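Okay, structure first, notes after.
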Amino acid sequence: MSLAVAYSRAEEGIAAPQVTVEVHMSAGQSGIGIVGLPEAEVRESRDRVRAALINSVFEFPQWKLTVNLAPADLPKESGRFDLPIALGVLAASKQIPPESLADYEFIGELALSGELRAVRGVLPAVLRAREAGRVPIVPAANAAEAGLVAGGHALSAASLLDVTAHLRGVAALPTCPPRVEDLAEFDAADLADVRGQPLARRALEVAAAGGHNLLMVGPPGSGKTMLASRLPGILPPLTEAEAFEVAAIASIVGAGVDPKRFRQRPFRAPHHTASGVALAGGGGTPRPGEVSLAHHGVLFLDELTEWNRQVLEVLREPLESGRIVISRAARQSEFPARFQLIAAMNPCPCGYLGDSSGRCRCSPEVVGRYRGKVSGPLLDRIDIQIDVPRQPVTLLTRGGERGEASAGVRERVLGARRRQWQRSRCANAHLPAQAVPEVCAIGLEDQRLLERAIEKLSLSARAYIRILKLARTIADLAGADRIDTGHLTEAIGYRRFER
Ligand SMILES: Nc1ncnc2c1ncn2[C@@H]1O[C@H](COP(=O)(O)OP(=O)(O)O)[C@@H](O)[C@H]1O
Ligand SMILES: [Mg+2]
Ligand SMILES: [Zn+2]
């Protein structure tokens with residue numbers, strides 16, 4: 001009778017809680033029983049492990065084997081535990097030294113041949129293994145991903161035999177390649193391509209400078225999508241801690257992480273036919289949705305009025321808290337979801353209300369109903385609402401002057417962000433409400449001005465606070481210590497849609 005222990009990690013949100021795999025070998029009818037996996041997965045895992053052992057020319061012990069995955073109440077998908085289970089069996093039957101497992105954590109699915117297959121969610125598991133002071137061993141196909149956060153530390157293996165050779169001290173496994181960063185590789189589209197549109201360009205810069213949400217209203221072809229896609233190119237790069245979170249989410253959905261884009265902010269543009277689950281996340285083992293894939297980056301909702309209102313309701317929680325909780329049966333999973341919302345829509349059903357062509361024939365009732373599709377609570381949370389008119393054709397066809405390039409705009413954005421960071425350690429859009437009176441203090445005259453505007457536009461108390469934060473960002477862009485009347489009126493002016 002003997003016992004062996006191997007460590008692994010489960011998937012739960014972006015946390016990767018430790019799982020202890022205990023293999024107990026005792027007298028009794030030969031076979032393998034697995035405790036702690038969902039019933040349906042037990043058989044598959046058992047078959048894979050048995051075949052992999054035999055095909056790797058190990059002996060499958062003719063004893064009673066009991067495998068226990070603890071703790072019991074974690075969500076567990078079987079594949080990733082194949083490797084630690086196989087190693088536990090080998091250690092319990094003394095085919096490898098049992099004590100050799102202690103310093104490592106194992107993750108990987110076994111093919112019947114004994115080759116290791118890639119699994120999802122390797123990155124968070126590797127991060128946590130490292131914190132726990134153990135060396136993670138991952139499938140070779142996941143080596144690049146593991147290397148992003150534990151290059152030169154984590155090990156990768158192509159097969160079960162490679163792992164056992166390493167554990168027996170016969171042939172050392174290679175380390176995962178460390179990340180090579182090259183900030184110059186940012187491939188975002190450039191603002192220089194956008195001609196004219198001075199107001200929209202300014203709004204985009206302000207949005208970037210403080211992390212504010214933005215709604216663009218304008219006819220088809222006016223450049224809304226073009227402008228939105230240029231936002232990532234003027235945002236500051238991710239900090240290392242932010243980049244780890246972003247990469248962990250990408251890892252869980254099985255989307256690879258491009259090392260060159262490690263510091264680039266995500267830009268997600270789901271189609272308006274996307275479901276609530278696609279937006280929020282969900283599934284048997286809950287997976288992050290678009291709001292989490294856009295974490296620390298941009299969530300772009302084009303054709304906002306085409307979206308189902310119920311589906312958009314999903315945005316409310318993350319817009320307030322920067323997190324989303326996915327409930328499924330008895331279990332809740334939480335994912336980070338701190339995104340910057342950029343939305344675009346037409347001004348009316350035909351798209352040409354207010355256009356210089358004068359071709360819009362939509363009645364005020366029709367326009368009202370159309371705009372009503374965007375719920376008040378959502379609009380309330382969009383600090384910058386602007387019109388994006390069509391530019392004169394000659395401006396586009398005759399070439400004309402190119403706009404200011406993204407690099408210059410980004411410099412100003414970085415400067416404004418630096419001031420915010422020194423003052424409150426966060427972007428203005430994420431200032432906690434209780435910090436606003438002090439950080440966004442305004443004079444008595446300006447106080448009256450703002451109160452009158454709130455009344456006139458029938459804005460909410462939430463909008464009041466949001467306008468102050470926006471004014472603070474405008475002052476930061478100007479390098480001003482105090483918010484003045486000019487900053488405040490510009491901020492109020494951005495609530496165009498609610499007039
Ligand atoms: N201000 C502009 N400067 C340069 N090109 C523009 C501008 N506005 C529109 N365009 C051109 O028109 C195309 C359509 O713009 P797009 O952003 O898709 O419009 P929208 O999203 O508002 O319907 C763009 O790909 C671009 O080639
Ligand atoms: Mg568009
Ligand atoms: Zn119209």
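The values are calculated or read from the model by the stated rules, or taken from the named source; none is laboratory data. It should be emphasised that the depicted structure is a prediction, and the values quoted were computed from it without experimental measurement. Ideal geometry is used to build each Cβ from the backbone, glycine not excepted, and the neighbour counts take in all protein chains shown.
Every residue, every condition in (1) in a loop (DSSP other than H, G, I, E, B); (2) more than 14 Å from ligand 3 (Cβ to nearest atom); (3) of a type in the set (Gly, Ala, Ser); (4) out of contact with any strand residue (DSSP E or B) (no Cβ under 9 Å at 6 or more places or on another chain), yes or no:
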residue: ILE324; (1), (2), (3), (4): no, yes, no, no
residue: CYS350; (1), (2), (3), (4): yes, no, no, yes
residue: CYS360; (1), (2), (3), (4): yes, no, no, yes
residue: GLY368; (1), (2), (3), (4): no, no, yes, yes
Which residue is surrounded by the most Cβ atoms within 10 Å (Cβ to Cβ), if the candidates are limited to the stretch 216-263 and must be farther than 23 Å from GLU404 by Cβ and within 14 Å of ligand 1 (Cβ to nearest atom)? VAL217
Restricting to the stretch 316-333, name every residue that is surrounded by 17 or more Cβ atoms within 10 Å (Cβ to Cβ) and either farther than 17 Å from LEU293 by Cβ or out of contact with any Pro (no Cβ under 7 Å at 6 or more places or on another chain) (or both). PRO318, LEU319
Residues (in contact with a helix residue (DSSP H, G or I) (Cβ under 6 Å, 6 or more places away or on another chain) and crowded, with 21+ Cβ neighbours inside 10 Å) located in the stretch 110-119: LEU110, GLY114, VAL119
Would you call ASP73 of a type in the set (Asp, Glu), at pLDDT 95 or above, under 34 Å from the mean Cα position of the chain (by Cα) and surrounded by fewer than 24 Cβ atoms within 10 Å (Cβ to Cβ)? no
Flag if GLY351 is of a type outside the set (D, E, K, R), more than 28 Å from the chain's Cα centre (by Cα), within 16 Å of ligand 2 (Cβ to nearest atom) and at positive phi: yes
Taking into account only those residues within the stretch 205-231 that are within 15 Å of LEU301 (Cα to Cα) and touching a Lys or Arg at 6+ places or on another chain (Cβ under 7 Å), which is farthest from ligand 3 (Cβ to nearest atom)? ASN213
Failed condition for THR66, given (1) over 17 Å from SER159 (Cβ atoms); (2) touching a Lys or Arg at 6+ places or on another chain (Cβ under 9 Å); (3) at pLDDT 90 or above, with all others met? (2)
Tabulated pairs, the stretch 214-242, first closer than 16 Å to LEU341 by Cα, second more than 13 Å from ligand 2 (Cβ to nearest atom) and among the hydroxyl-bearing types (Ser, Thr, Tyr), C-beta under 6 angstrom, 6+ apart or interchain: GLY233/SER406; ILE234/SER406
Among the residues of the stretch 8-27, is there at least one that is modelled with pLDDT under 90 and more than 30 Å from LEU293 (Cβ to Cβ)? yes
For MET345, which of the numbered conditions (1) under 18 Å from ARG316 (Cβ atoms); (2) at pLDDT 95 or above fails to hold? (1)
Within the stretch 293-315, restricting attention to residues that are crowded, with 21+ Cβ neighbours inside 10 Å, farther than 14 Å from GLY276 by Cβ and without any contact (Cβ under 8 Å) to a residue 60 or more places away in the chain, which residue is nearest to ligand 1 (Cβ to nearest atom)? LEU299
